[in-house]
Amino acid sequence: MPVPLLELFKYVFIAIVWLFFLRVLRAIWVEVKSSESAKKVTKTSNNDNVSVSKMATPVNIREGVSVGVFGSSQSNLEEFRLLALEGPFRGREFRVKNDMLLGRSDECDLSLPEDSFVSSKHAKLQVRSDGLWIEDLDSTNGTIVNSLRVKTSTQLAKGDLIKIGKSVFEVIQV
């Protein structure tokens, strides 16, 4: 091979290595920033002086299919809401109705189309007779509850923080 062609390949290879290195640094930076903001959210949500209900704006979401629970009527189930603490819906409150799909797809009950870290069908919320449950639907980046990645169907409690992509939601029990 001619020497000038080898020189060109060398510079192209060095450029590709640098691009890869910068991409890795960017991914680390995004992860560090999101964990810092999650810590801030935890501190803010535990602060008694903050009135979360004043920030919340009711939003209508698509109604889920009504699913009956054995031995109880729908009215006996507790009502849960999600308060968006971070992300595009920050400050909004969402009522959880039976099975609720979260993801980037328009088919989801709570759609986060502008968040590239959210899978098309990311997670599923279920209201059962024993409370609210969340299940990760094999999403690429996972579903985080209170800084722990959800691997199986997990029961949620009042005050739990759910992180999906760049969005953070707090579970509110009414």
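The values are calculated or read from the model by the stated rules, or taken from the named source; none is laboratory data. Owing to the predicted nature of the structure, the values given are computational and were not obtained by experimental measurement. For neighbour counting, all protein chains shown are included, and Cβ atoms are generated from backbone atoms with ideal geometry for every residue, glycine included. Just the protein is used for accessible areas: all its heavy atoms, side chains included, with ligands, DNA and RNA removed. Shrake-Rupley method; radii C 1.70, N 1.55, O 1.52, S 1.80 Å.
Counting only aspartates and glutamates at least 8 places from residue 10 when in the same chain, there are none with an alpha carbon closer than 14 Å to its own.
One decimal place: the segment residue 16-residue 105 gains 28.7 nm when fully extended, by the rule 0.36 nm per residue minus the C-alpha distance. One chain, two ends: residue 149 and residue 9. Fully extended at 0.36 nm per residue, the span grows by 46.2 nm beyond their Cα-Cα distance.
So what's segment 71-153 giving for Rg/Rh, alpha carbon basis, Kirkwood Rh from the mean inverse pair distance? It would help to have the intermediate numbers written out before the result.
Details: Rg = 13.2 Å, Rh = 13.6 Å.
Over the Cα atoms of segment 71-153, Rg/Rh equals 0.97.
Computed over protein heavy atoms with a 1.4 Å probe, the accessible surface of segment 94-174 works out to 47 Å² per residue. A simple spin-label model places pseudo-atoms 7 Å from Cα toward Cβ; at residue 95 and residue 173 they are separated by 2.0 nm.
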